1. With a 1.4 Å probe and every protein chain left in place, work out the accessible area per residue of segment 241-299 in Å², rounded to a whole number.
2. Which value, in Å², gives the accessible area per residue of segment 133-197 when a 1.4 Å probe is used on the protein heavy atoms?
3. Please sort by residue number the trypsin sites (Lys or Arg not before Pro) in segment 47-110 whose DSSP state is loop and whose Cβ has at most 15 other Cβ atoms within 10 Å.
4. Shape verdict for segment 65-202, please, from the Cα gyration tensor: rounded (a/c under 1.5), prolate (a/b greater than b/c) or oblate.
5. What are the extents of the Cα atoms of the chain along their three principal axes, in Å, largest first?
6. For the chain, with all protein chains present and a 1.4 Å probe, just round the carbon and sulfur fraction of the accessible area to a whole percent.
7. Counting helices only, and only those DSSP H runs with n ≥ 4, report the 222 nm mean residue ellipticity of the chain as the sum of -39,500 (n - 2.57) divided by its residues, in deg cm²/dmol to the nearest 500.
8. HN-Hα J couplings of segment 60-70 from phi, Karplus 6.51/-1.76/1.60, θ = phi - 60°, integer Hz, Gly and Pro as x?
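The values are calculated or read from the model by the stated rules, or taken from the named source; none is laboratory data. All values derive from a computational prediction rather than experimental measurement. Note: ideal-geometry Cβ built from the backbone for every residue, glycine included; neighbour counts use all protein chains shown. Note: accessible area is taken over every heavy atom of the protein model, side chains too, but ligands, DNA and RNA are not part of it. Shrake-Rupley method; radii C 1.70, N 1.55, O 1.52, S 1.80 Å.
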Amino acid sequence: MTSPAGGPASFWSPRILGPFALVALIWGSTWLVIKDQIGSVPASWSVTWRFAVAAVGVLLLALARRESLRLDRRGHQLAVLMGLLQFVCNFQFVYRAEQHITSGIVAVLFALLLVPNALFARLFLGQPLTRGFLAGSAIAIAGIALLLLHEVRTAPVGNAALLGVLFTFCGILSASSANVLQASEAARTRPMLALLFWAMVWGVAIDALFAWMVYGPPQIDMRPGYLLGIAYLGVMGSVVTFPLYFQLVRELGPGRAAYNGVVVPVVAMLLSTLFEGYRWSSLAVAGAVLAMAGLIVALRARNPSR
């Protein structure tokens, strides 16, 4: 990642910090919307409708930008794998997790995405882990642990809910694999929107096939709240955010980009304070402060994980 002058671009530059903050703000709000999607329609069909809307949105975005959506054979192979990891496995696991545990716990657990992202990037892409990044990550993980402890005290995790935790970790590993794939040289050399569009198309096809096999013919809730939720998750939660986030992955590396997930649960709790009467405890405040401190330490480290 370089600046126009040819030197290293700073994370704190507006062109990086702006998309980072926007993605965190939008994804922090999606947990409230996903919560409303659970129950009225099988999770697999809700995921299918979300990314069907998102695929159309990316198509319209590409047309507006006059960008080609053509991919070569290797590009389509990447798109199939990315679609399976990001838009099938990741979200199928996340939606099922929220059937067993609260959205707050899922959001906080997902902040741990920075761990497999950094490790996978080191193993498969050869991206270094600096002392500053590791120190910041340790501080952030301590903050995440406090946030998780607060959530567990609020809604205790029993034996049945352990399945939700397992689903969440499966979603984290799927998302991390997709992130590292997006940062690979093969993906970086192909157009962002084209790869994203076809990944969504293949993902929707697999989602729909799986949903039909497990739950039968298409199901949808015609309730205005459900339909507006699908539209919000498809457009704002996918079309706006995924191009920005995958560009951050390409420029910052998977490890640093995953720090977006550290901010998301804090945003989610702030929004829950406004709309759901969420009450902050000393644990939650301490966790949020530590998470943000870790974010600053890691992202200010020199020679960051690329």
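1. Values: 2000 Å² over 59 residues.
For segment 241-299, the solvent-accessible area averages 34 Å² per residue.
2. On the way: 2610 Å² over 65 residues.
For segment 133-197, the per-residue accessible area is 40 Å².
3. Values: sites: 50, 65, 66, 70, 73, 74, 96; in loops: 66, 70.
Passing sites in segment 47-110 are 66, 70.
4. Working: a/c = 2.85, a/b = 1.53, b/c = 1.86.
Because a/c hits 1.5 or more and a/b fails to exceed b/c, segment 65-202 counts as oblate.
5. 53, 51, 32
6. Details: 9310 of 13430 Å².
C and S atoms contribute 69 percent here.
7. Values: 15 runs with 219 residues, N = 306.
About -23500 deg cm²/dmol.
8. For segment 60-70, the Karplus-derived couplings read 5, 5, 5, 5, 5, 8, 6, 9, 6, 9, 6 Hz, x marking Gly and Pro.
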